[in-house]
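What follows draws every value from the coordinates through simple rules; no lab data is involved. Model, not experiment: these values are computed from the prediction. Using ideal geometry, Cβ is built from the backbone for each residue, glycine included, and neighbour counts are taken over all protein chains shown.
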Amino acid sequence: MTTDTSVEFDDADDADAGGEVLTLALAQLRVEAGEVERNVDRALTAVSRAADRGADLVALPELFNVGYFAFDLYERYAEPFAGETFTRLREAAADHGIAVLAGSIVEDLAATESVETPAPEGLSNTAALFDADGELGLVYRKHHLFGYDSAESDLLVHGESLETTVIGGLTVGVTTCYDLRFPELYRRLVDDGVELILVPSAWPYPRIEHWQTLSRARAIENQSYVATINGTGEFDDATLLGRSSVYDPWGISLASSGDDPALFTAEIDPRTVADVREEFPALRDRRL
């Protein structure tokens, strides 16, 4: 397989973070169906470049290695949790001193021995967050599996656990793509103290308004930062729409991209979360 390490990224930089502020990088990668080696090389290049820009955390898209819409390739390219893709990204995190949300991969549950699994066999859409030392912070397996014109719900086992971890003083949680349509999941994260929610995704055209509205709504209603990390690229019956974004607890977009590959940063300040929740204490008024 030919390896292509080039990355078509926007080189615009943001201001350096200071104090307790965490600099978050979103890597909106081009994803090619089944081109695992090429796709992973792009991801590793993004990790390196994010670290060079001074980012504390870099996030990758959903199924960035095999491609979400390459359903017929899931079984062929499924890996155990400690397989090559996560191992290379864990090592990159440690080598570059940057936390990495390894978007997600198709995990072979029967072959996984290093972490607990929701079932003894089958496949899952699994994300991992490694800290800047390469240590595992959390595992997230996609809870809500898309059934509409999609083979995902037939092919995959849904996740059950909802973990959080602390990166740079911020409590961080992860959900995946279609999960955005289910606000109850985000309430659980807020109850666990989450301040930043990362959402690796493979959101396609034409549902641009849904993508942007749901992401912003999850930020507003939970008074948390929400970062949506989408891919780009064309598949046989779908095209990813890109448009990754970072929303603050007011729902204001701090940074966003178009539909081309991009690497961009935003500054995440845990004091903002506390200030917004104090100034407009809607979460205190919850009845359910």
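Odds and ends about this structure:
- Global form of the stretch 125-192, assessed from the alpha-carbon gyration tensor, a/c cut-off 1.5: oblate
- Residue with peak Gaussian network fluctuation, the chain [Cα springs, cutoff 10 Å], from 78, 219, 238: 238
- Burial ordering of 229, 208, 98, fewest other beta-carbon atoms within 10 Å first: 208, 98, 229
- Most fluctuating residue given options 69, 146, 86, as computed from a GNM of the chain linking Cα atoms under 10 Å: 146
- Compactness index (Cα Rg / 2.2 N^0.38 Å), the stretch 22-281: 0.91
- Residue with peak Gaussian network fluctuation, the chain [Cα springs, cutoff 10 Å], from 38, 216, 141: 38
- Prolate/oblate/rounded label for the stretch 238-288 (Cα gyration tensor, a/c 1.5): oblate
- Fewest-first ordering of 144, 210 by other beta carbons within 10 Å of each residue's beta carbon gives 210, 144.
- Selection of GluC sites (Glu not before Pro), the stretch 79-113, meeting DSSP coil and at most 16 other Cβ within 10 Å: 113
- Overall, the stretch 22-281 carries a charge dipole of about 600 debye about its Cα centre when +1 sits on the Cβ of Lys and Arg and -1 on the Cβ of Asp and Glu, all other atoms neutral.
- Cβ-to-Cβ counts within 10 Å put 77, 148, 68 in ascending order as 148, 77, 68, the fewest first.
- When both the stretch 86-123 and the stretch 20-59 are represented by their alpha-carbon centers, they are found 16 Å apart.
- Beta bridges by DSSP in the chain, antiparallel share as percent, to the nearest 5: 65
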